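Down below is the structure, laid out as C-alpha cells.
Laboratory data are not the source of any read-out in this text; all were calculated from the coordinates shown. The model shown is predicted, which means the values in this text are computed figures rather than measured ones. No Cβ is skipped: glycine too gets one built from the backbone with ideal geometry, and neighbour counts run over all protein chains shown.
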Amino acid sequence: MILDRLKLFSGNSNRDLAVKVCDHLQIPLGKALVSTFADGEIMVEIGENVRGRDVFVLQSTSTPVNHNLMELLIIIDALKRASAWRINVVLPYYGYARQDRKVAPRVPISAKLVADLITVAGGHRVISLDLHANQIQGFFNIPVDNLFAAPVMLGYIREHFKNNLVIVSPDAGGVERARAFAKRLDASLAIIDKRREKGGLAKAMQVVGDVRGRPTIILDDMVDTGGTLTEAATALSEDGAASVNACCTHAVLSGRAVERIENSSIDNLIVTDSVPLKPEAKACKKIEVLSVAGLLGEAIKRTHLNDSVSSLFV
C-alpha cells in the first residue's frame, strides 16, 4: 500500500474530522488513548507501533483551548518518545492566533509562544488552515504549510450564487482575502468601515461600495462572538442588500454567538468543520457546514509522499 508508512492520530478536540480525513486517505485512525486522570491531568498512551513511521497528529486547539493544546503537546511527546520518524502537526484551527503582535505595553505574543511549544515538544512540520495572520508562519522554526479553505468555499458559492454578487470584507484587515475571492468569482467588492469599541465588541459604521439590490457574502477567517459579523450584516441590510450571507472558515461561536446569528439579518452562514460545532450551532438552521477533510487529506498525502502542495494554496 502506498501509504503504509503513514499514521494519523487525533486528540479529542475534532475526532470526527480526523475520521473523515482517514476515510479520504483510506487508512485507519491511529490507536491512542487520550484521557484524563482524576485530578484533570492528561494521560496519553499510543496503542500501536510508530517506530520509524511518518506520523500526523490532527488537533484543533479550539474550546477548551488550553486543554486541547496540552493534549496536542503530550501526544507529540508520546510519539517522539516512541521513536516516530517524523511528527507532522495538523492544526485545522490554531488557537491564540489573534495574539500575534503587541497591541499594548506589557502584553504577550501568545501565537509565537504556542509555536515554540509545538516545536519544543517535537513537531517537525505544521499544516494549518486559514491562519488569522499569515505572519504566524514565521513564528515557527520548522516548515509550515498554511492551507486555505477557499477551494471548498468557492465551489459552494459558485453553485448557489450566480449573478451580481458582492463579496464583503467586514473590516479593513480582511480586504486582501475578500478581493482575492471577488476576483475569482468575477464579483464586486465592498468593505465595512468598522470602529471597534472594546475587545470582542464592534460597531459597524457604514458600507463602502454598492450593495443595493444585490446578494452579498461577508467573508472572514472566523466567527467568534458574532459581534463583527452581525453588525456588518445590519449595515448591509440597511444599505439595501438583497440578501446577506457569510462565509467563515472557523466556527468558534463563543458565548451568545449562535443567538446573535439567529436574531440577525444574516440569511445563511457557511462554515467548515475545522472546529466542531456546539449543539446549539448544529440546531441553527442558518448555519451550514462544509467539510475540509478532503483538502487536509490531500495535503497530508502529498506531504507524506514528498510531493508539492503548492497547488492547494489557493
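Observations
- Over 21 Å (Cα to Cα) - which of Lys20/Lys286; Lys194/Lys278; Lys31/Lys80; Lys162/Lys183; Lys20/Lys301 fall in this group: Lys20/Lys286; Lys194/Lys278
- Taking Lys and Arg as +1 and Asp and Glu as -1, the other residues whose beta-carbon sits under 12 Å from that of Ala133 total 0.
- Centre separation in Å (Cα based) which lies between region 153-192 and region 206-270: 13
- Between Phe37 and Val208, the simple label model (points 7 Å from Cα in the Cβ direction) yields a spacing of 5.5 nm.
- Among 15-22, 35-42, sorting by the average number of other beta carbon atoms lying within 10 angstrom of each residue, highest first, gives 15-22, 35-42.
- Summing charges over all other residues whose Cβ lies under 11 Å from the Cβ of Arg98, with Lys and Arg as +1 and Asp and Glu as -1, gives -2.
- Global geometry of region 1-105, whether rounded, prolate or oblate, following the gyration tensor of its Cα atoms and the 1.5 cut on a/c: prolate
- Rounded, prolate or oblate (a/c below 1.5 giving rounded, otherwise prolate when a/b exceeds b/c) for region 19-70 by Cα gyration tensor: oblate
- Estimated vicinal HN-Hα couplings, Hz - region 162-168 in sequence order (Karplus 6.51, -1.76, 1.60; Gly, Pro = x): 9, 10, 6, 7, 10, 8, 10
- Loop-located trypsin sites (Lys or Arg not before Pro) across region 74-161 with a Cβ neighbour count of 10 or fewer within 10 Å are Lys102, Arg106, with loop assigned by DSSP.
- Antiparallel DSSP beta bridges within the chain, as percent of all bridges there, nearest 5: 25
- Amide H within-cut-off set for Thr61, under 5 Å, with H built and near neighbours excluded: Tyr93, Gly95
- Amide H contacts of Ala241: Gly213, each under 5 Å away and 5 or more positions distant or on a separate chain (H built 1.01 Å from N in the peptide plane; Pro and chain starts excluded).
- Peptide packing: for 254-262, 65-73, the average count of neighbouring Cβ atoms within 10 Å per residue gives the ranking 65-73, 254-262, highest mean first.
- Rg to Rh quotient for region 203-261, alpha carbon positions, Kirkwood Rh: 0.98
- On a per residue basis, the convex hull of the C-alpha atoms belonging to region 62-142 measures out at 91 Å³.
- Shape call, the chain: gyration tensor on alpha carbons, a/c limit 1.5: prolate
- Tail fraction, Cα-Cα pairs, region 175-283, threshold 24 Å, whole percent: 20
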